[in-house]
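Notes to accompany the following structure.
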Amino acid sequence: MKINELPLEQELINELKSKCQVATVGSQVVLAESGKYMKVIPVVLDGSIRVYRNDYELDREILLYYISNGQTCMMSIVACFAQITSQVHAITQRESELLLIPTDKVRDWQIRFPKWNQFIIQTFLNRYTELLDTINDLSFKHIDERLYNYLIQYHHRQGDEKVKLTHQKLANELGTTRVVVSRILKDLEKKGQVQLSRGEIRLN
């Protein structure tokens, strides 16, 4: 996606080009850390960002949502609006091209540009729905179902039948332990739903 393809006013497109930086960053680059202030808000032009919470005492992570092309991070915008530190971590999943928007421009553009305001509102609505789905999964779905559903979603998101994640990475995604993930994957393999190999899971 190019800046010109964003659904925004031409005047704002011109400001984006003059006041914002476009950066290509590698995989696993940290863009936000819990407890630190945001200096820029990333809009994904091409790539993927993983947003998650981390409990250091329990050594657990829980996935909140992914950000893909044409999207930005609701939690980063909240930190920007409230002028508080980030409450989440955000990291690139693969090499990504990002539009980096200075935090002081986010609210200014909301007032000046209706389409930008709609973009921010739509971001909140989309992430709100995703967070409700996450809460629903954690509260009402068994970990076996959540893990298999995650593998299906990964396939659709990446377009690859091979899930190239370690058992520990999967545990981090689902907020559980590696031992639990390994047990469930072995059960799925016995049922013929997956094939397991080192650092890789293939869906049947």
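Bear in mind these aren't lab numbers, they're just calculated from the coordinates by the rules spelled out. In this text, all values refer to a predicted model and were calculated from it rather than measured experimentally. We place every Cβ from the backbone using ideal geometry, glycine too, and count neighbours over all the protein chains shown.
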#### Entry: Dipole magnitude of the chain, debye to nearest 20 (Cβ charges: Lys/Arg +1, Asp/Glu -1, about Cα centre)
280 debye
### Message
Using the basic label-point model (7 angstrom from Cα toward the beta carbon), what is the Arg60 to Ala82 distance in nanometres?
### Response
2.2 nm
### Task
Could you work out how far apart the two model spin labels at Ile91 and Ser197 are, taking each label as a point 7 Å from the Cα in the direction of the beta carbon, and quote it in nm?
2.5 nm
### Summary
Expected sort for Phe113, Phe124 with the fewest Cβ neighbours (10 Å cutoff) up front is Phe124, Phe113
### Message
Show me the ranking of peptides 4-13, 147-156, 134-143 by mean Cβ neighbours inside 10 Å, starting with the highest.
### Response
147-156, 4-13, 134-143
## Note on the structure
The farthest towards the positive end of the charge dipole of the chain, of the residues Val40, Ala90, Ser197, given +1 on Cβ of Lys and Arg and -1 on Cβ of Asp and Glu, is Ser197
### Query
Using helices alone, what [θ] at 222 nm do you get for the chain, with -39,500 (n - 2.57) per DSSP H run of 4 or more residues, divided over all residues and rounded to the nearest 500?
-14500 deg cm²/dmol
### Message
Taking a ≥ b ≥ c as the square roots of the Cα gyration tensor eigenvalues, with a/c under 1.5 meaning rounded and otherwise prolate when a/b beats b/c, else oblate, which class fits region 83-204?
### Response
prolate
### Query
Taking only Cα atoms, what is the 0 to 90° angle, nearest 10, from helix 143-158's long axis to the longest principal axis of the chain?
50 degrees
### Task
With a/c under 1.5 counting as rounded, go ahead and sort the chain into rounded, prolate or oblate using the C-alpha gyration tensor (a ≥ b ≥ c being the square roots of the eigenvalues; past the cut-off, prolate if a/b is larger than b/c, else oblate).
prolate
### Query
Using the count of nearby Cβ atoms within 10 Å as a rough guide to exposure, how do Trp116, Trp109 rank from fewest to most?
Trp109, Trp116
### Query
Label-point separation (nm) for Arg178 and Tyr128, each offset 7 Å from Cα along Cα-to-Cβ?
4.0 nm
